[in-house]
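Trainee: Pasting a structure below so you can have a look.
The values are calculated or read from the model by the stated rules, or taken from the named source; none is laboratory data. Keep in mind it's a predicted model, so treat the numbers as computed, not measured. Because the Cβ atoms are built from the backbone with ideal geometry, glycine has one as well, and the counts that use them run over all protein chains shown.
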């Protein structure tokens, strides 16, 4: 369907890839992986014609319909959410307009006033449009659009809301719904799970598993990738490498291939050293001139293997947190009501009671809008409860991470300056080692906060929180904007943290690896599940079955 052959692409003086090739076949499920800036999004842009390669070719089979979900949703206004999704159906939506206009003309009686030839042309156009509309699934387009919107968390009450009234994250869902409703031959998706909660991610996962077309996607959600993709295309070190298998297979196979390349490089270096020693030793002897020349020619013809770049890992030992009381947080009959702009009241939760105990690592779950973030804000004192009480235990020192907390970073300071100001007792070596553990090394530490991406700012803030003398971490979607490598670093840091954790996250792999308790907000109340995240899911499945 799509052939990418010998692609070369540069950004300024930097080469993204050289002579890169891979194929997208019907029904393929491909995951694009690689470090930030390697050129994953550029691959999408090359396929849809938004960018041009410096060499090679992108050949797309004729009549292939491609749907591209990008992080930049562009301008949305002038339509309802449902109308925006239907309008994204491309040719199908255009045919619908032709049919509507023809039917309106016939219903008004104006069609009868047309000249015979014009009337015949109208009816022919109307008939052809109806046939193609039916073949393309046009008659169930609106119901399909409603189903996708609902699956992504935008229910019937919001179908007719103007898109201008939705926040950026919800506009992303509408843009994703447009692409899914189109049902193209090839789906290109750049981080489709960003801004989605777990329920929407699971719905999207199931939708894509039933989808018949080809998929090429990037995702920072490790479990999402594992459940969907059957091939991995890695973009790294100016090369594109294909692996047959899911993300877990790719991780194992990459290690094996790297070891093989290192071994082959060492063997070649040993051979070259012996040959060069022979040439140096006998170059001046006439009796060995033929042998020397033969070996020089041999060395000239050898393709020199490059050793793979060294994988840098920095281990950082976090300080032992001070001990807190056994009861870290006690919630008693807690309730929260927001006052809307029109003065009406919205009940978020009520009668919430429970205890967060020392050393527990708790996942706080619930459907979108259940009040998870509001409960965290209430616990840390960012908002007042409407009723009930929150009691913080003895000697509890809280670190709170949320997306709005990123705005507390000073955009004029460098990374090093910002961290130094928050950790005044930290030495230069300590802070550099801390930042290295969170993927800021060398000159990176001198970057201004203002030029950092959302993921980079998140890493700075998380590094400061985890390095502070705290014993209670409250984390609201800490994995948002983090790539898989950064998520793994955060996961290991939280696993080794010898304190108490309360976390909201839509990353199921992250929750599986760190949590040993689950709190769920359901129908405005708090339910407690003993055991890890998998045991919680089993309990939920049992409840549903019952």
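Trainee: Just one of the numbered conditions (1) within 35 Å of the chain's Cα centre (by Cα); (2) more than 30 Å from residue 367 (Cα to Cα) is not true of residue 141; which one?
Mentor: Going through (1) within 35 Å of the chain's Cα centre (by Cα); (2) more than 30 Å from residue 367 (Cα to Cα) one by one, residue 141 breaks only (2).
Trainee: Is one or more of the residues making up segment 522-533 farther than 24 Å from residue 331 by Cα, surrounded by fewer than 16 Cβ atoms within 10 Å (Cβ to Cβ) and either outside the structural domain of residue 201 (by TED's automatic domain parsing) or under 18 Å from the mean Cα position of the chain (by Cα) (or both)? Spell out the reasoning first.
Mentor: Initially, segment 522-533 is screened for residues farther than 24 Å from residue 331 by Cα, giving none.
No, segment 522-533 contains no residue that is farther than 24 Å from residue 331 by Cα, surrounded by fewer than 16 Cβ atoms within 10 Å (Cβ to Cβ) and either outside the structural domain of residue 201 (by TED's automatic domain parsing) or under 18 Å from the mean Cα position of the chain (by Cα) (or both).
One line per residue, one yes/no per condition, for (1) outside the structural domain of residue 477 (by TED's automatic domain parsing); (2) closer than 13 Å to residue 332 by Cβ; (3) surrounded by 20 or more Cβ atoms within 10 Å (Cβ to Cβ); (4) modelled with pLDDT of 95 or more:
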residue	(1), (2), (3), (4)
357	no, no, no, yes
365	no, no, yes, no
371	no, no, yes, no
390	no, yes, no, yes
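Trainee: Of 74, 37, 109, which residue is surrounded by fewer than 14 Cβ atoms within 10 Å (Cβ to Cβ) and assigned by TED's automatic domain parsing to the domain that holds residue 240?
Mentor: 37
Trainee: Let me ask you something else. Just one of (1) in a helix (DSSP H, G or I); (2) assigned by TED's automatic domain parsing to the domain that holds residue 20; (3) surrounded by 20 or more Cβ atoms within 10 Å (Cβ to Cβ) trips up residue 195, so point out which.
Mentor: Here residue 195 meets the rest and fails (1).
Trainee: Would you be able to say whether some residue in segment 82-104 is within 25 Å of the chain's Cα centre (by Cα) and exposed (fewer than 11 other Cβ atoms within 10 Å of the Cβ)?
Mentor: Checked segment 82-104: no residue is within 25 Å of the chain's Cα centre (by Cα) and exposed (fewer than 11 other Cβ atoms within 10 Å of the Cβ).
Trainee: Test each condition in (1) in the same structural domain as residue 384 (by TED's automatic domain parsing); (2) assigned to a loop (DSSP other than H, G, I, E, B); (3) closer than 30 Å to residue 464 by Cα for residue 331 and report the one that comes out false.
Mentor: (2)
Trainee: Could you look through segment 249-307, keep only residues that are touching a helix residue (DSSP H, G or I) at 6+ places or on another chain (Cβ under 6 Å) and within 20 Å of residue 239 (Cβ to Cβ), and pick out the one that is surrounded by the fewest Cβ atoms within 10 Å (Cβ to Cβ)?
Mentor: Ranking the candidates gives 307 first.
Trainee: May I ask you to list the residues in segment 151-180 that are in a helix (DSSP H, G or I), under 21 Å from the mean Cα position of the chain (by Cα) and over 18 Å from residue 75 (Cα atoms)? I'd like the intermediate steps shown before the answer.
Mentor: Filtering segment 151-180 for residues in a helix (DSSP H, G or I) gives 151, 156-158, 163-165, 168-180.
If we keep only those that are under 21 Å from the mean Cα position of the chain (by Cα) too, we end up with 151, 168-180.
Selection gives 151, 180.
Trainee: If you don't mind, there's one more thing I want to ask. When the residues of segment 385-410 are narrowed to those that are touching a residue at least 60 places away in the same chain (Cβ under 8 Å) and closer than 17 Å to residue 466 by Cα, which ends up nearest to the chain's Cα centre (by Cα)?
Mentor: Per the criteria, the residue is 403.
Trainee: Okay, moving on. Among the residues of segment 21-29, is there at least one that is surrounded by fewer than 17 Cβ atoms within 10 Å (Cβ to Cβ), under 23 Å from the mean Cα position of the chain (by Cα) and more than 30 Å from residue 486 (Cα to Cα)?
Mentor: Yes, some residue in segment 21-29 is surrounded by fewer than 17 Cβ atoms within 10 Å (Cβ to Cβ), under 23 Å from the mean Cα position of the chain (by Cα) and more than 30 Å from residue 486 (Cα to Cα).
Trainee: Within segment 338-358, work out how many residues are without any contact (Cβ under 8 Å) to a residue 60 or more places away in the chain, part of a strand (DSSP E or B) and within 32 Å of the chain's Cα centre (by Cα).
Mentor: 2
Trainee: OK, next. Can you go through 501, 460, 474, 518 and tell me which one is assigned by TED's automatic domain parsing to the domain that holds residue 412, farther than 30 Å from residue 429 by Cβ and either part of a helix (DSSP H, G or I) or touching a residue at least 12 places away in the same chain (Cβ under 8 Å) (or both)? Steps first, answer last, please.
Mentor: On the way: 501 fails: farther than 30 Å from residue 429 by Cβ; 460 fails: farther than 30 Å from residue 429 by Cβ; 474 fails: farther than 30 Å from residue 429 by Cβ.
The conditions single out 518.
Trainee: With respect to residue 467, determine if the residue is in contact (Cβ under 8 Å) with a residue 40 or more places away in the chain, touching a helix residue (DSSP H, G or I) at 6+ places or on another chain (Cβ under 9 Å) and farther than 20 Å from residue 402 by Cα.
Mentor: no
Trainee: Of everything in segment 427-439, what is in a loop (DSSP other than H, G, I, E, B) and either within 30 Å of the chain's Cα centre (by Cα) or surrounded by 17 or more Cβ atoms within 10 Å (Cβ to Cβ) (or both)? Give them in sequence order.
Mentor: 438, 439
Trainee: Okay, moving on. I'm told residue 127 meets every condition in (1) closer than 25 Å to residue 47 by Cβ; (2) out of contact with any strand residue (DSSP E or B) (no Cβ under 9 Å at 6 or more places or on another chain) except one. Can you identify the failing condition by its number?
Mentor: (1)
The rows are residues; the columns are (1) more than 18 Å from residue 416 (Cβ to Cβ); (2) over 18 Å from the mean Cα position of the chain (by Cα).
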position	(1), (2)
443	no, yes
460	no, yes
465	no, yes
472	yes, yes
487	yes, no
490	yes, no
493	yes, yes
504	yes, no
507	yes, no
